[in-house]
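Only one structure is covered here, and it is reproduced in the block below.
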Amino acid sequence: MHIARSVHPLPGNHERGTRLLDLIDRFGGRRIVVLGDLIADEFIYGQIARVSREAPVLILRYDSTEVLPGGAGNAANNVAALGGGATIVGLIGADESGRRLRRSFHPGVAKNSLLGLRGYTTPTKTRILAGGVHSAKQQVVRIDRERPVFSEDEALRERIARTAEAAVANCDGVLVSDYGYGLVSPALVARLKARLAASTRRRAIPILIDSRYDLLRYRHLTACAPNEAEVEQILGVTIDDNAATLERAGRAILKRTAMRAVLVTRGSRGMALFEPGRRTVHIPIHGSDEIADVTGAGDTVMATMMLALSAGASFYEASLLANYAGGIVVMKRGTATASPDELRHAVESDHAAAPEPWSQEGPEQGRRQ
């Protein structure tokens, strides 16, 4: 078991709430570069008409289609929705999905570093949702159209690298979103890290990585926030409710990535924050566990954590805010974002209701006293 040398300061309820609200106010004007795989999230909505005579399937009466940015695009949209300035760096196709994706970004997302490429298929995830006139629509099936491997064109890779280097020149934080399409690589991230280190700015620029399949290839960055299923897959373990297994797994990811912090998101079980030399902090979920949709919630967590760190938050404070934001978006349908007002309301309501700070010791860590 990990023996901590120090613990997080846990101020009183009012003081902590005031500090978090102050951090939210600082989100405005933060310049965040989001680099990574862009995905078009397409939602097709329909009403259930009847059961088909051709096969035991539902026939839907078409209502509407909505396309929203997914992957790195969703992370950028979340940054902008929370008041930050986002610059998206990625590859987009000249196909219909790419054109619709380009038009769907939040107005606060700068697209001048978005590279269009003829012949490239924009990864598209089509979700078909059905429901009655007076009932919520539920996902029936998802169809993925994607290019499994990124082009090995070295000239294109160099173009992307130079575009990213130019984008990070005056940023306050870099969020890397690796969905496994091959655009992001440890070499590219190391190049950006060196570019930031060579700048004359006094304050170190945080770099967060969200990698679905290759997290252990990225080392010595600021932080990462894998979900529990990803941690289990990486390490070949099953965590469930086993606190000891979670502790060992989180510490293993922390050691093998050599990052300053690892935030493991656990769905209805909340989050667990791991830092070298500090006790693990367990944070309970915000809001109800009766979620509506988890689509893109991880992007929201990463975007909020990125903004908070760029605004001067500790990892603990950034994790608390990310937890609130994640709890907000899973109550919404589709690929959703959180607003500053929603985040403020969550902080205010939670701190008005909780007389004591969260525990950091024992098997029931994170529960209110």
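What number of residues within segment 219-259 satisfy the criterion of being crowded, with 20+ Cβ neighbours inside 10 Å, assigned to a loop (DSSP other than H, G, I, E, B) and not aliphatic (A, V, I, L, M)? Summing the residues that are crowded, with 20+ Cβ neighbours inside 10 Å, assigned to a loop (DSSP other than H, G, I, E, B) and not aliphatic (A, V, I, L, M) in segment 219-259 gives 2.
Pairs linking a residue in segment 40-69 that is under 18 Å from residue 95 (Cα atoms) and in contact (Cβ under 8 Å) with a residue 40 or more places away in the chain to a residue that is of a type in the set (Lys, Arg) and part of a strand (DSSP E or B), with Cβ atoms under 8 Å and 6 or more positions apart or on different chains, are 40/125; 41/125; 41/127; 42/125; 42/127; 43/127. Of all residues assigned to segment 205-213, none qualifies as being aliphatic (A, V, I, L, M) and loosely packed, with under 14 Cβ neighbours inside 10 Å.
A residue that is free of Cβ contacts under 8 Å to residues at least 24 places away in the same chain and outside any strand (DSSP E or B) cannot be found anywhere in segment 77-88. When segment 267-276 is filtered for residues that are touching a His at 6+ places or on another chain (Cβ under 9 Å) and either outside any loop (DSSP other than H, G, I, E, B) or surrounded by fewer than 18 Cβ atoms within 10 Å (Cβ to Cβ) (or both), the ones remaining, listed by number, are 269, 271, 272, 273, 274.
Of all residues in segment 186-202, exactly one satisfies the criterion of being assigned to a loop (DSSP other than H, G, I, E, B) and hydrophobic (A, V, I, L, M, F, W, C), namely 198.
Pairs are defined by a Cβ separation below 7 Å, a sequence spacing of at least 6 or placement on different chains, a first member in segment 169-183 that is in contact (Cβ under 8 Å) with a residue 60 or more places away in the chain, and a second member that is polar (S, T, N, Q) and in a strand (DSSP E or B); the pairs so defined are 178/211. Quick check: anything in segment 163-179 over 24 Å from residue 304 (Cβ atoms), of a type in the set (Ser, Thr, Tyr) and outside any strand (DSSP E or B)? Looking for residues that are over 24 Å from residue 304 (Cβ atoms), of a type in the set (Ser, Thr, Tyr) and outside any strand (DSSP E or B), one finds at least one in segment 163-179, hence yes.
Only a single criterion out of (1) modelled with pLDDT of 95 or more; (2) among the small types (Gly, Ala, Ser); (3) assigned to a loop (DSSP other than H, G, I, E, B) is not satisfied by residue 287, namely (1). Please indicate, with yes or no, whether at least one residue in segment 149-162 is surrounded by fewer than 20 Cβ atoms within 10 Å (Cβ to Cβ), more than 29 Å from residue 93 (Cβ to Cβ), modelled with pLDDT under 95 and among the hydroxyl-bearing types (Ser, Thr, Tyr). No, that holds for no residue. Taking the stated definitions as given, is residue 107 closer than 21 Å to residue 297 by Cα and in contact with a Phe, Trp or Tyr (Cβ under 7 Å, 6 or more places away or on another chain)? Here the answer is no, as residue 107 does not meet what is asked. A single entry from 304, 300, 335 fulfils the requirement of being at pLDDT below 85 and either over 15 Å from the mean Cα position of the chain (by Cα) or under 22 Å from residue 71 (Cβ atoms) (or both): 335. Comparison of 205, 209 shows that the only residue that is in contact with an Asp or Glu (Cβ under 9 Å, 6 or more places away or on another chain), in a loop (DSSP other than H, G, I, E, B) and within 25 Å of residue 326 (Cα to Cα) is 205.
Considering segment 129-142 alone, what residues qualify as being surrounded by fewer than 18 Cβ atoms within 10 Å (Cβ to Cβ) and touching an Asp or Glu at 6+ places or on another chain (Cβ under 9 Å)? The answer is 139, and nothing else.
The values are calculated or read from the model by the stated rules, or taken from the named source; none is laboratory data. Only a predicted model underlies this, so the values are computations on that prediction, with no experimental measurement involved. Reconstructed Cβ throughout: ideal geometry from the backbone, glycine too, with neighbour counts over all protein chains shown.
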